[in-house]
Amino acid sequence: MRPHFHVAGFPVRLHPLFFVVSLMTGWTLISEPARLALWVGIVFVSVLLHELGHALAFRRYGCRARIELHGMGGTTQTHDAAHLTHQQSAFVSFAGPGIGFLAGGLIWGMSQLVPLGEPGGLADQGVRQFLWVNIGWGLFNLLPMQPLDGGHLLADLVRARSGYRHERAVLGVGIATAVVVLGLAIWSKQLWMGMLAMVLGVMNLEQLRRTPKRRPAERRFALPRLVRKPQAAPAGAISIDQLMEELRGTPRPPGAADTDDDDDLEGPHDPALVGEMLLDNGLPELAVGSLQSAFTQAPLPRTGHALVLALLHTGRLQELASLLDSSHARQLSEDTLALISEHAGTASEATLTERITALRHGRTPATDEPR
């Protein structure tokens, strides 16, 4: 769709429902049209400023973004989010409330230095409304409930530290927060806050229901370590280069003599096992190649799950889409498909969702490895 206007080079679309909801939130001012119009204008500027913060953060990391203002506030979207690290995504999530805090602080400072109108007047009320929308709403938006910025911020920070192992715990924090906010809203008789807390709580609960529980085969893999005998290696572990040569089956150069080191090497020559080890130790970039080779040779559900995790961690969504189109995709477990679906939902990857749906309709899911 064509944008209605541009701000700082970003296309912006404005839905009529945005103004309807803005009017409803300021309904107590209905008897004072000037103050109600001021409220709607402040909400418009503040929400646009908030989304502009997200868009500028995306631009900082080389992502093109577009803004939409709608009935639930606003969203900033990009097709390049897969290239961001979890730390960068966390910064993008904070940038929206952050620019609101900055704007609110500047207005508050100006009001302290130079009185903006008479106390209780239109200008004075405008300052109070601006501070409430940018700082009050900004703080609420940082609560750890998805899809609020605080929920995405918490998820990104947890993923940056521990990967995708604690998705259910993150959603549990969101549900608990919604319950607390709902209780406070009932105690303070804040209807809008209570309704919003209920909606967000149900959304987190539904997402938790769709998120698979970890099964034993999906836990951190306890794999044997590659070691040399004490007399053969200076500091224990084999290097990555040596490991990859072993996996590739690099032939010995002509004339090279056998060494005790070759006989002393103890460790797996299975690319699936090595790929899982690399993934489990925070090296998904190195794990992808081994896991792709292993899954091609022996498409087991466990190997497929590890490969999907590595592709998600490295943002290689095109390769993930190709995997879903391959003949081996039928060996991916239902839990693995659920993991991809969750990522596709948060990253707005409609292509992945469509391919998973087609895959589910075309076969009986493989749920476990052959024993």
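Can you tell me which residue in the range 153-163 is farthest from Pro284 (Cα to Cα), limited to those that are crowded, with 20+ Cβ neighbours inside 10 Å and not aliphatic (A, V, I, L, M)?
That would be Asp156.
Quick one: which of Glu342, Glu319, Glu349 is of a type in the set (Asp, Glu) and at pLDDT 80 or above?
Values: Glu342 fails: at pLDDT 80 or above; Glu349 fails: at pLDDT 80 or above.
Matching residue, one of Glu342, Glu319, Glu349: Glu319.
For residues that are farther than 21 Å from Phe130 by Cβ and in contact with a Lys or Arg (Cβ under 9 Å, 6 or more places away or on another chain), tally how many sit in the range 21-68.
Residues of the range 21-68 farther than 21 Å from Phe130 by Cβ: 31, 57-66, 68.
Add one more test, that the residue is in contact with a Lys or Arg (Cβ under 9 Å, 6 or more places away or on another chain), and what stays is 58, 65-66, 68.
Going through the range 21-68 one residue at a time, the tally reaches 4.
Which of the numbered conditions does Ala366 fail, given that it passes all the others? Conditions: (1) open to solvent by 50 Å² or more (accessible area, probe 1.4 Å); (2) farther than 28 Å from Leu84 by Cα; (3) modelled with pLDDT under 75.
The single condition Ala366 does not satisfy is (1).
Can you name every residue in the range 172-189 that is touching a residue at least 12 places away in the same chain (Cβ under 8 Å), open to solvent by 50 Å² or more (accessible area, probe 1.4 Å) and of a type outside the set (A, V, I, L, M)?
Correct list: empty.
Scanning for something among the β-branched types (Val, Ile, Thr), under 25 Å from Met203 (Cα atoms) and open to solvent by 20 Å² or more (accessible area, probe 1.4 Å), does the range 127-147 turn up at least one residue? Give the steps one after another, and end with the answer.
Taking the range 127-147 as the starting set, the residues that turn out to be among the β-branched types (Val, Ile, Thr) are 127, 133, 135.
Narrowing further to those that are under 25 Å from Met203 (Cα atoms): 133, 135.
Narrowing the set further to residues that are open to solvent by 20 Å² or more (accessible area, probe 1.4 Å) leaves 135.
Checked against the condition, which is being among the β-branched types (Val, Ile, Thr), under 25 Å from Met203 (Cα atoms) and open to solvent by 20 Å² or more (accessible area, probe 1.4 Å), the range 127-147 yields at least one hit.
Here's a check for you: in the range 89-126, which residue that is of a type in the set (Val, Ile, Thr) and surrounded by 14 or more Cβ atoms within 10 Å (Cβ to Cβ) is nearest to Leu157 (Cα to Cα)?
Applying the first criterion (of a type in the set (Val, Ile, Thr)) to the range 89-126 yields 92, 99, 107, 114.
Among the residues that remain, those that are also surrounded by 14 or more Cβ atoms within 10 Å (Cβ to Cβ) are: 92, 99, 107.
Values: Val92: 12, Ile99: 20, Ile107: 31 Å.
Ranking the qualifying residues of the range 89-126, first place goes to Val92.
What are the residues in the range 67-85 that are open to solvent by 30 Å² or more (accessible area, probe 1.4 Å), within 25 Å of Leu196 (Cα to Cα) and not hydroxyl-bearing (Ser, Thr, Tyr), if any?
Hits for the range 67-85 are Glu68, His70, Met72, Gln77.
Just one of (1) within 15 Å of Thr75 (Cα to Cα); (2) surrounded by fewer than 16 Cβ atoms within 10 Å (Cβ to Cβ); (3) not polar (S, T, N, Q) trips up Leu14, so point out which.
It fails just one condition, (2).
Is at least one residue of the range 92-112 in a loop (DSSP other than H, G, I, E, B) and more than 18 Å from Gly53 (Cα to Cα)?
Looking for residues that are in a loop (DSSP other than H, G, I, E, B) and more than 18 Å from Gly53 (Cα to Cα), one finds none in the range 92-112, hence no.
One line per residue, one yes/no per condition, for (1) in contact with a Leu (Cβ under 7 Å, 6 or more places away or on another chain); (2) in contact (Cβ under 8 Å) with a residue 60 or more places away in the chain; (3) open to solvent by 10 Å² or more (accessible area, probe 1.4 Å); (4) assigned to a helix (DSSP H, G or I):
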{"residue": "Glu285", "(1), (2), (3), (4)": "no, no, yes, yes"}
{"residue": "Leu291", "(1), (2), (3), (4)": "yes, no, no, yes"}
{"residue": "Phe295", "(1), (2), (3), (4)": "yes, no, no, yes"}
{"residue": "Arg302", "(1), (2), (3), (4)": "no, yes, yes, yes"}
{"residue": "His305", "(1), (2), (3), (4)": "no, yes, yes, yes"}
{"residue": "Val308", "(1), (2), (3), (4)": "yes, no, no, yes"}
{"residue": "Gly315", "(1), (2), (3), (4)": "no, yes, yes, no"}
{"residue": "Leu320", "(1), (2), (3), (4)": "yes, no, no, yes"}
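When Phe58 is evaluated against the numbered criteria (1) modelled with pLDDT of 90 or more; (2) open to solvent by less than 30 Å² (accessible area, probe 1.4 Å); (3) under 30 Å from Met195 (Cα atoms), which criterion, by number, is the only one it fails?
Every condition holds for Phe58 apart from (3).
Which of the residues that make up the range 27-55 are within 17 Å of Val7 (Cα to Cα), open to solvent by 20 Å² or more (accessible area, probe 1.4 Å) and out of contact with any Gly (no Cβ under 8 Å at 6 or more places or on another chain)?
Gly41, Phe44, Val45, Leu52 - these are the residues of the range 27-55 that are within 17 Å of Val7 (Cα to Cα), open to solvent by 20 Å² or more (accessible area, probe 1.4 Å) and out of contact with any Gly (no Cβ under 8 Å at 6 or more places or on another chain).
Between residues in the range 102-120 that are at pLDDT 75 or above and residues that are not small (Gly, Ala, Ser) and not in a helix (DSSP H, G or I), which pairs lie under 8 Å by C-beta distance while being six or more apart or on different chains?
Short answer, once both residue conditions are applied: Met110/Leu116.
The values are calculated or read from the model by the stated rules, or taken from the named source; none is laboratory data. As the structure is a computational prediction, the values presented were derived from the model and not from experiment. Please note: Cβ atoms are built from the backbone with ideal geometry, for glycine as well, and neighbour counts cover all protein chains shown. Accessible surface is based on the protein model in full, side chains and every heavy atom, while ligands, DNA and RNA are left aside. Shrake-Rupley method; radii C 1.70, N 1.55, O 1.52, S 1.80 Å.
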